[in-house]
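Below is one structure, written out as structure tokens; the observations come after it.
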Amino acid sequence: MEKLKIAIQKSGRLSEKSLDIITEAGINLINGSRKLISQSSNFPLEILYLRDDDIPQYVADGVADAGIVGENVFMETGIELEILERLGFSRCRLSLAVPKSGNYSGPDYFSGKKIATSYPNILKTYLQKRGIKAEIHVINGSVEIATGIGLADAIFDIVSSGSTLISNGLKEVEKIMDSEAVLLASPLMEKNKTVIMTDLLFRLRTVLAARNNKYILLNAPDDKLEQIISILPGMKSPTVLPLALKGWSSVHSVVNENDFWQVIGKLREYGAEGILVIPIEKMIF
Ligand code: PRT
Ligand code: ZN
């Protein structure tokens with residue numbers, strides 16, 4: 001049977017998390033020594049291990065049917081490919097940063113300045129859109145030291161927690177894009193492989209939904225049930241069961257990670273007690 005080839009990063013920040021999402025989708029990998037290729041024992045899939053920068057091109061050429069890569073790397077290549085799914089991990093942003101002491105007033109600050117980066121194409125597009133003429137100095141790696149050693153006036157680089165900028169005496173002044181790992185599809189994928197891709201995508205979405213949601217159980221006074229239910233939509237609607245204690249009910253539902261703390265706050269305000277929050281293993285719509 002035909003196998004779907006997926007390219008992932010050989011060794012780096014995306015490697016482990018890319019393998020995790022694939023194995024959480026119930027796909028077992030054998031000979032996972034990450035030499036060049038590994039196979040699955042229970043799904044028609046082959047993993048190709050590559051440098052992340054090469055993944056978009058391999059997918060575009062059809063050497064790989066799909067690939068997992070940071071959106072920042074994908075955008076930088078300028079290659080046009082379909083993003084099948086945003087995978088929610090390895091989140092970061094690409095930002096412009098200037099020395100802490102610089103009196104930054106807005107993007108015009110960069111006019112006539114020298115900016116060091118490993119992402120010249122994304123930066124060029126940003127500057128052109130705003131009509132800013134700056135000099136782009138391309139360096140691969142350790143971009144954050146460029147201002148300190150007098151190589152550049154500013155940098156454009158990946159930021160996650162921001163602590164690398166702080167420890168190099170820099171401040172983030174403009175965020176140009178957000179990034180996360182994305183699943184790219186090849187335009188050259190053979191027809192018979194699209195069936196496998198559809199199955200894989202269904203499984204990945206099941207894993208992502210489970211990661212993004214929590215199962216919640218709580219006790220609610222009956223006279224507050226209506227209010228409590230109104231903030232707990234659940235998958236269809238919450239389950240409500242009577243407690244042995246008169247006047248109280250148990251409510252079960254699903255809460256999205258993004259709304260989580262806001263929902264918990266409201267539940268407490270409405271008199272919910274004994275709130276339990278449980279991770280979801282798989283979530284199928
Ligand atoms: O060898 P190969 O070419 O395959 O790998 P690579 O060295 O090019 O990439 P790698 O493994 O370092 O990163 C892969 C991808 O991870 C990036 O393209 C991003 O999409 C994503 N990612 C997420 C990050 C970060 N977070 C991140 N924090 N990549 C790099 N960083 C760097 C950042 O540049 C900073 O210098 O980590 C440092 C710490 O960041 P702070 O802000 O938390 O201090
Ligand atoms: Zn790279």
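The values are calculated or read from the model by the stated rules, or taken from the named source; none is laboratory data. Quantities reported herein were computed from a predicted structural model and do not represent experimental measurements. When we count neighbours, we look across all protein chains shown, and the Cβ atoms used for this are built from the backbone with ideal geometry, even at glycine. Quick note on the areas: whole protein, heavy atoms, side chains included, nothing else; ligands and nucleic acids left out. Shrake-Rupley method; radii C 1.70, N 1.55, O 1.52, S 1.80 Å.
So, R0 is 41 Å and r is the distance between the beta-carbons of I132 and I83; what FRET efficiency does that work out to, to 0.05?
0.90
Is segment 213-279 best put as rounded, prolate or oblate by its Cα gyration tensor, with a ≥ b ≥ c the root eigenvalues, rounded for a/c under 1.5, and otherwise prolate when a/b is larger than b/c, oblate when not?
Prolate is the answer for segment 213-279, as a/c is 1.5 or above and a/b outweighs b/c.
At a 1.4 Å probe radius, which order do V263, V138 fall into by accessible area, largest first?
Ranked from most to least accessible, the order is V138, V263.
With axes computed from alpha carbons, what is the tilt in degrees of helix 120-129 against the longest principal axis of the chain, rounded to the nearest 10 within 0 to 90?
Here the helix axis deviates by roughly 90 degrees.
For the chain, which whole-number percentage of the solvent-accessible area (1.4 Å probe, protein heavy atoms only) is attributable to carbon and sulfur atoms?
Percent of accessible area from carbon and sulfur atoms in the chain: 51.
State whether the chain is rounded, prolate or oblate according to the following rule on the C-alpha gyration tensor (a ≥ b ≥ c being the square roots of its eigenvalues): a/c under 1.5 gives rounded; otherwise a/b larger than b/c gives prolate, and the remaining case gives oblate.
oblate
Rounded to the nearest 500, what is the chain's calculated 222 nm mean residue ellipticity when only DSSP H runs of at least 4 contribute -39500 (n - 2.57) each, over all residues?
Calculated at 222 nm, the ellipticity per residue is -8000 deg cm²/dmol.
Expressed as an acute angle from 0 to 90° and rounded to the nearest 10, what is the orientation of the C-alpha long axis of helix 260-269 relative to the principal long axis of the chain?
Result, in degrees: 40.
Rounded, prolate or oblate: pick one for segment 129-285, where a ≥ b ≥ c are the square roots of the eigenvalues of its C-alpha gyration tensor, a/c under 1.5 means rounded, and failing that, prolate if a/b is larger than b/c, else oblate.
Oblate, since a/c reaches 1.5 and b/c is not below a/b.
Kindly provide the GluC sites (Glu not before Pro) of segment 36-95 that DSSP labels as loop, not H, G, I, E or B, and whose Cβ sees at most 14 other Cβ atoms within 10 Å.
Taking segment 36-95 and a limit of 14 other Cβ atoms within 10 Å, the loop GluC sites (Glu not before Pro) found are E80.
Relative contact order of segment 211-261: what whole-number percent is it, with Cα pairs under 8 angstrom and at least 6 residues apart?
Relative contact order for segment 211-261 comes out at 50 percent.
Count charges around L243 for me, please; just the other residues with Cβ under 11 Å from its Cβ, Lys/Arg as +1, Asp/Glu as -1.
Residues close to L243 contribute a combined charge of -1.
Quick check: the distance between the Cα centres of segment 65-88 and segment 1-61, to the nearest angstrom?
Computed from Cα coordinates, the inter-centre distance equals 15 Å.
With all protein chains present and a 1.4 Å probe, how do I27, I79, I166 order by accessible area, largest first?
I166, I79, I27
Could you give the length gained on full extension between K266 and S163, defined as 0.36 nm per residue of separation minus the Cα-Cα distance, in nm?
33.7 nm
What are the lysines whose alpha-carbon lies under 25 Å from the alpha-carbon of K224, with same-chain residues fewer than 8 places away excluded?
Cross-link targets: K214, K236, K246, K266.
Looking at the chain, send over the antiparallel percent of its DSSP beta bridges, to the nearest 5.
Among the beta bridges of the chain, antiparallel pairing accounts for roughly 75 percent.
Considering only protein heavy atoms, what is the solvent-accessible area of Y104 at a probe of 1.4 Å, reported in Å² to the nearest 10?
50
Would you mind checking which residues have amide H under 5 Å from V173's amide H? H placed 1.01 Å from N; only 5 or more apart, or other chain.
HN-HN under 5 Å from V173: L96, A97, V98.
Sorted by accessible area (1.4 Å probe), largest first, how do K214, K266, K129 line up?
Correct descending sequence by accessible area is K129, K266, K214.
Segment 187-285: which GluC sites (Glu not before Pro) are DSSP loop and have at most 15 other beta-carbon atoms within 10 angstrom?
Passing sites in segment 187-285 are E190, E281.
When only C-alpha pairs under 8 Å and at least 6 residues apart count, what is the relative contact order of the chain, in percent?
Relative contact order here is 19 percent.
For the Cα atoms of the chain, what angle does the longest principal axis make with the long axis of helix 15-24, in degrees from 0 to 90, nearest 10?
The angle comes out at about 30 degrees.
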